[in-house]
Amino acid sequence: MSYNIDTSCKPEVKSFFDEATNTISYVVKDPASKACAVVDSVMDIDYAAGRITYDSADEIIAYVEATGLEVEWLIETHVHADHLSAAPYIQGKLGGKLGIGRNITIVQDTFGKVFNEGTEFQRDGSQFDRLFDDGDTYTVGQMQCFAIHTPGHTPACMTHVMGDAAFVGDTLFMPDGGSARADFPGGDAGTLYDSIQKVLKLPDEMRLFMCHDYGPNGREIRWETTVADEKVHNIHVGQGKTREEFIKFRTERDAQLDMPRLIIPSLQVNMRGGKLPPADEGGRRFLKVPVNTL
């Protein structure tokens, strides 16, 4: 698959860091217009209290309104397991189309079974406005954008390229953070390595924006790097590390990791496109806890 890359187009990227989940959301502005895209937004949850709030999303909304931007796309790089998406909430306030990778249907089928969802839960991706295939293009204003299928962390992971900026989701972390885990249902370490190689074949000057950063070894939180920097310095795949080396390390490392703190609410919400499960007859909504399943 070849991609039409224009690194002369340099979108303005505004970042929003959510300290509770170490997630970075983005507003990406077309340099030639007021059009923008929102990438990987966050809905706040007090899990112990079962309380949903929208402070993080409201910060994005306030920025878009204050700068006079027009939201054309709300992009989810994948079905997140560590935070809840606020895309429908932002869409209701600002408009735009909601997009995710076509393999959301695989994730929906897998976790529809995990959470014992009934037939009323649609597993066809219909909760989204656009399902992206590898190489699909779209525009934000006059800016040409495209999606690269980069599975391995999850089957539906996509890297979204907008001008000279690429939003890699959980495919890569900052060079000293390495890569994401590959042990979720549908994940695969070898597939993740192959996907990372797709990203590293982008132009060296391409800006890469992370979905998460955890400040390894106590450094300050960062989320922007370049393809060239990742090639040289990434501790998991840099300096030409082989597929076999990566699979061995990633598999051993993943076996030591706990499940993300918010995986249970996140998957139930995000596989629905950021919507909460339907209310019961009394108007109450519930999240399920599968026992000895994940």
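On the basis of being in contact (Cβ under 8 Å) with a residue 40 or more places away in the chain and either over 30 Å from residue 289 (Cβ atoms) or loosely packed, with under 15 Cβ neighbours inside 10 Å (or both), does residue 76 make the cut?
No, not satisfied.
Got a sec? Which of 271, 210, 206, 259 is modelled with pLDDT of 95 or more and within 17 Å of residue 115 (Cα to Cα)? Let's see the steps before the verdict.
Numbers: 210 fails: within 17 Å of residue 115 (Cα to Cα); 206 fails: within 17 Å of residue 115 (Cα to Cα); 259 fails: modelled with pLDDT of 95 or more.
Step by step, each of 271, 210, 206, 259 is checked, and only 271 is modelled with pLDDT of 95 or more and within 17 Å of residue 115 (Cα to Cα).
Among the residues of the range 174-187, write down those that are surrounded by 19 or more Cβ atoms within 10 Å (Cβ to Cβ) and more than 17 Å from the chain's Cα centre (by Cα).
Of everything in the range 174-187, just one residue is surrounded by 19 or more Cβ atoms within 10 Å (Cβ to Cβ) and more than 17 Å from the chain's Cα centre (by Cα), namely 175.
For the range 192-270, which helices (runs of 4 or more DSSP H) that fit wholly inside it have 3 or more residues that are within 17 Å of the chain's Cα centre (by Cα) and within 28 Å of residue 74 (Cβ to Cβ)?
Working: elements: 227-233, 243-254, 263-270.
By residue number, 263-270.
How about the range 261-294: which of its residues are in contact with a Lys or Arg (Cβ under 9 Å, 6 or more places away or on another chain), in contact (Cβ under 8 Å) with a residue 40 or more places away in the chain and either aromatic (Phe, Trp, Tyr) or within 17 Å of residue 80 (Cβ to Cβ) (or both)? Even if it seems obvious, please write down each step before you answer.
Step one: list which residues in the range 261-294 are in contact with a Lys or Arg (Cβ under 9 Å, 6 or more places away or on another chain), which gives 264, 268-269, 271, 276-279.
Going one step further and asking which of them are in contact (Cβ under 8 Å) with a residue 40 or more places away in the chain, we end up with 268-269, 271, 276, 278.
Matches in the range 261-294: 268, 269, 271, 276.
Collect the residues in the range 16-41 that are under 13 Å from the mean Cα position of the chain (by Cα), among the β-branched types (Val, Ile, Thr) and within 14 Å of residue 58 (Cα to Cα), keeping them in residue-number order.
Of everything in the range 16-41, just one residue is under 13 Å from the mean Cα position of the chain (by Cα), among the β-branched types (Val, Ile, Thr) and within 14 Å of residue 58 (Cα to Cα), namely 38.
Name the residue that is nearest to the chain's Cα centre (by Cα), counting only residues in the range 113-134 that are small (Gly, Ala, Ser) and modelled with pLDDT of 95 or more.
Top of the filtered list is 125.
Only one of these is surrounded by 15 or more Cβ atoms within 10 Å (Cβ to Cβ), out of contact with any Leu (no Cβ under 7 Å at 6 or more places or on another chain) and closer than 22 Å to residue 159 by Cα: 235, 263. Name it. Write out each step before concluding.
Values: 263 fails: out of contact with any Leu (no Cβ under 7 Å at 6 or more places or on another chain).
Matching residue, one of 235, 263: 235.
Of everything in the range 19-43, what is surrounded by fewer than 20 Cβ atoms within 10 Å (Cβ to Cβ), among the charged types (D, E, K, R) and under 23 Å from residue 220 (Cα atoms)? Give them in sequence order.
Result: 19, single match.
Only one residue in 101, 96, 92 is at pLDDT 95 or above, on the phi > 0 side of the Ramachandran plot and small (Gly, Ala, Ser). Which one?
That would be 96, the only listed residue that is at pLDDT 95 or above, on the phi > 0 side of the Ramachandran plot and small (Gly, Ala, Ser).
Could you check, for the range 191-198, whether at least one of its residues is polar (S, T, N, Q), touching a residue at least 12 places away in the same chain (Cβ under 8 Å), within 28 Å of residue 254 (Cα to Cα) and in contact with a Ser or Thr (Cβ under 8 Å, 6 or more places away or on another chain)?
Scanning the range 191-198, I find at least one residue that is polar (S, T, N, Q), touching a residue at least 12 places away in the same chain (Cβ under 8 Å), within 28 Å of residue 254 (Cα to Cα) and in contact with a Ser or Thr (Cβ under 8 Å, 6 or more places away or on another chain), so the answer is yes.
The values are calculated or read from the model by the stated rules, or taken from the named source; none is laboratory data. All figures in this text were calculated on a predicted structure; none of them were measured in a lab. So basically every Cβ, Gly included, is an ideal-geometry build from the backbone, and we count neighbours across all protein chains shown.
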